[in-house]
Structure formats: C-alpha cells, structure tokens
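Here the structure is laid out as structure tokens; the discussion comes afterwards.
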Amino acid sequence: MKSRILALAILVLSGLSVMGQNYGTGEDSLKCLENLSLFNEFYKQQNYTNAYTAWTKTLGLCPASSKNLYIKGAGMVNALIKAEKDPAKKQGLIDTLLWSYDLRIENYGEEGYVLGRKSAELLKYKSNEPQLAFDAASKSLELRGNQTEAGVLQTYYFALNLLVKAGEKEPSMMLQEFPRVMEIIKVNKQGKYAQYYEMVEKPIQDLFAPYATCEALVELYQGKFEATPNDTNLQKEIMKFFEMRDCTGEALFMNVAKAYDKVNPSAKSKFNIGVGLYKESKYGEAINYLEESVSLSNVQEDKAITYKYLCYAALQAKRYSSVKSYALKWLAIEPNTGEAYKLIGDAYFYGSRSCGENSCEQAYGYIAAISKYYKAKSLDADLTSACDKMIGQAQANYPKKEECFFLGLTDGQEVKVGCWINETVQLKTRP
C-alpha cells in the first residue's frame, strides 16, 4: 500500500495543483502527501491507531494541506481518548486534540467557530479548569453573536456556573448573562438548526433557576419591562421565569400578566392574574379572573388546578357554597383528590351556622363536615393531621343535647342539613 501511496504523491507533485492546499516544498511535500494519504486510508478503515500516527506527522509537516485533516481528526482523537485506559496517554491525546484546534485557526481562520468547538472539548476534558472553557466560549460568543452554536451557548453557561460555584465569578453573572444566551436561542429556534437550540434551552434554564430569587428577577426584568412594556415575547419570558420560581406575588409579575392579558387574553393569562390576586389577598377579584380562566380552558388538568385556587379563594372570601361547587367540579375531573373533600369539609364547618332555623339545626354542618374529613384523609395520608384537627373542632361544636331534645330530636336520628349543604346525617350531640 505504501508504494501505491508514494506513486500517488509523486503524481500530485509533478503536475496537480489543489486550490487552498499547501503541501510544502521539496522532500517535506512528498512526506506530507504520503502521510496525508496514509491518514485518509487508515481513517476509512477506522484503523484510528495508525491513522493517528499519520495524522500527527501531517500536522507537523503541512498543517495547511487539508481542512478535512482537522474535521476528521477531531472525531478520531475523541474516539481514541474514549478507548484509552492509560491516564498519561489519554492526557497526551487530549493535549494534541486541543493543540489541533489552535493549529486549525492559524491555518484556516474561522476563529469564532473553531474556538466554540474547542470550548466544548475544554469543558469535557478539563472541567477542573472551567476558566479555559469559559474564555474560549466567551471569545466565540463575542465573534459569532447570534450565529453562536447551541453547544457553545451551553458550554459558556455551564462553565460560568462552575466558576460561580468555585467562587471565581459573582452569582449575579448567572442572571446578567442569561437573557443574552436566551436571546440567541430565541433567534435560532426558527432556523435550520432549531432542534439543537431547543435541546440546550432547558438545561440552561435549569442552571439559571437556583440563582433566580424573586428579588433578583425583579431587578433583572423591571427596567426591561418599563423600556418595552408592549413586547409580548418579553412578557412571556418574564411570566415563565416568575412562575418557575414561584414569584407570582410580585407586583412586576402582576403588571406583566395584566399587560399580556389585554392583548392576548387566554386561560393561562387569566389564571396567572387570578393567582397573583389571590396571593395579594384580593379574593373577590381573584375569583373573577379564575372563573374566566376555567371557562376559556380546554385542558382538564389546567381546569383542575384552577378549581383548586377557586376553592381556596372562595373559602377566604367566606363564599362557602361556592367552595363546595368548585370542589365538586374539581372532583369531576380528579375523583380521588383528598384535598377537594377536605375543602368541602371546611366549607361545611365554617358555613354551618348559615344553614338552619335554630341552634340545633345550625350545628348540623359540623356533623356533615366530619364525613368529608374522613374521606379526605382516606385518600391522602398527608392530610391526616390537618383533618384530625378539624374533626376535633367539629365534634366540639356538635349541637347541645338539650337544644335538640326540645325539638324532639335524639342521637342517631337521621336529619337533613338544610340549604346549600344539602346532606343527610345522623344526629350527634354533646352534653
């Protein structure tokens, strides 16, 4: 095979000219072509050990002979690194791989693109020195802007996170750099390589989340919203991250949600506003928005969580009959929800005195509440303590024996709980 390759090299030297390739001069050019040809042959055979030897010789003799030398070489060396068991040899392969990226820039330019690729290798193989990966990715980002590859964005943000954890960068940088990275992702999510940007979006968001306290989010987004209050993309971004960090009680979130709802009313926007108002203890207003949300929604799971908030808002607003109504609608979607039964029990407990014509009848709701509490804790053990506490309070509020006796009623007798409670219970009294 070597004689055939040598003959080919002589043929090239004797008359063929290949644009953009530099094989050197004299004897070096012959050796260059010989090793380049050997590399290509061994590479095709996936004989990476011999291909690597020819590859390193070619890089030393004629580094501008072929861009494919670097493209193919990176994949080949990564495969060799993965297979190598000897730590010293593995490190030697890593160093050669990183050197090849510098050599490629020197001979073929494309500094921003190549540095981006190198940054990923640095993060992979030198994660204990994250500054190296960060610097390479940062330079790539500076040179490429919105053309920065998805993997480079991920490398940049991951390396920054490592530096923050090591105390070498301020945590605020994770907040400051996040919008910049996300903007590039947003720009490219409609392009040719959208799938790759979509793949890195969530891991980057997951890294961002722990740094995004409510206070930090307000500081980050307040000025942006004030500068462009009608930017719906910004509004959606703000709402998404405030929801992610449970910061929906912030005034900024409410202002953004209302601005978005004016232009794009939806079940989601109505829900966001309703929850925000609930957290502000504006229960009547919250109910209005939440009812609009549930009427607009076609997603059963979303309706269920909305009914949950409606129950709590109505309970706080002392609209006890509404609590029962919302809870029953919630149970129609999720029949085995203990929390819904507990809320009905709470509505009966707190609303008992609103039903009945006398003190005996007005205590029936406490009896009805107990069965709901038992049902609730049978479905959800986590509710046991809270339900047991309410059961004790309900029993303490049973009607007095003498109050019911004068009405001709005794323990164990079936009685009808009036008005919106509308239940039949067995009478239980206290001395």
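The values are calculated or read from the model by the stated rules, or taken from the named source; none is laboratory data. Here the structure is a predicted model, which is why all the values come from computation and not from measurement. We place every Cβ from the backbone using ideal geometry, glycine too, and count neighbours over all the protein chains shown.
Among the listed residues I370, I344, identify the single one that is part of a helix (DSSP H, G or I) and farther than 14 Å from K308 by Cβ.
Working: I344 fails: farther than 14 Å from K308 by Cβ.
Selected residue: I370, the only one of I370, I344 that is part of a helix (DSSP H, G or I) and farther than 14 Å from K308 by Cβ.
Just give me the residues in the range 291-322 being more than 25 Å from the chain's Cα centre (by Cα) and under 20 Å from C247 (Cα atoms), in sequence order.
L310, Y312, A313
Please go through the range 131-180 and give me each residue that is outside any helix (DSSP H, G or I) and not charged (D, E, K, R), ordered by number. I'd like the intermediate steps shown before the answer.
To start, the set of residues in the range 131-180 that are outside any helix (DSSP H, G or I) comprises 148-149, 166-171.
Passing the criteria: T148, A166, G167, P171.
Residue check: is N128 assigned to a helix (DSSP H, G or I) and polar (S, T, N, Q)?
Numbers: assigned to a helix (DSSP H, G or I): no; polar (S, T, N, Q): yes.
Answer is no for this residue.
Out of the residues in the range 45-77 meeting the condition of being among the charged types (D, E, K, R) and under 42 Å from the mean Cα position of the chain (by Cα), tell me which one is surrounded by the fewest Cβ atoms within 10 Å (Cβ to Cβ). Walk me through it before giving the result.
Of the range 45-77, the ones among the charged types (D, E, K, R) are 57, 67, 72.
Next cut, under 42 Å from the mean Cα position of the chain (by Cα) only: 67, 72.
Numbers: K67: 14, K72: 17.
It comes out as K67.
Could we say that Q205 is within 13 Å of the chain's Cα centre (by Cα), among the polar types (S, T, N, Q) and either at negative phi or surrounded by fewer than 13 Cβ atoms within 10 Å (Cβ to Cβ) (or both) here?
Working: within 13 Å of the chain's Cα centre (by Cα): yes; among the polar types (S, T, N, Q): yes; either at negative phi or surrounded by fewer than 13 Cβ atoms within 10 Å (Cβ to Cβ) (or both): yes.
Yes: the conditions hold for Q205.
Among the candidates A332, A386, A368, A396, which residue alone is out of contact with any Leu (no Cβ under 8 Å at 6 or more places or on another chain) and buried (at least 22 other Cβ atoms within 10 Å of the Cβ)?
Working: A332 fails: buried (at least 22 other Cβ atoms within 10 Å of the Cβ); A386 fails: buried (at least 22 other Cβ atoms within 10 Å of the Cβ); A396 fails: buried (at least 22 other Cβ atoms within 10 Å of the Cβ).
Result: A368 is the single residue among A332, A386, A368, A396 that is out of contact with any Leu (no Cβ under 8 Å at 6 or more places or on another chain) and buried (at least 22 other Cβ atoms within 10 Å of the Cβ).
Looking at the structure I just gave you, is Y196 at pLDDT 90 or above and farther than 20 Å from N264 by Cα? Give the derivation first.
Numbers: at pLDDT 90 or above: yes; farther than 20 Å from N264 by Cα: yes.
Answer is yes for this residue.
When you go through K72, K31, K89, K118 one by one, which is the residue that is modelled with pLDDT of 90 or more and over 26 Å from S138 (Cα atoms)?
Numbers: K72 fails: over 26 Å from S138 (Cα atoms); K31 fails: modelled with pLDDT of 90 or more; K118 fails: over 26 Å from S138 (Cα atoms).
It is K89.
Among the candidates L207, L277, L234, single out the residue that is part of a helix (DSSP H, G or I), touching a residue at least 24 places away in the same chain (Cβ under 8 Å) and out of contact with any Cys (no Cβ under 9 Å at 6 or more places or on another chain).
On the way: L277 fails: touching a residue at least 24 places away in the same chain (Cβ under 8 Å); L234 fails: touching a residue at least 24 places away in the same chain (Cβ under 8 Å).
Only one candidate qualifies: L207.
Which of the residues that make up the range 248-262 are at pLDDT below 85 and within 13 Å of Y221 (Cα to Cα)?
Of everything in the range 248-262, nothing turns out to be at pLDDT below 85 and within 13 Å of Y221 (Cα to Cα).
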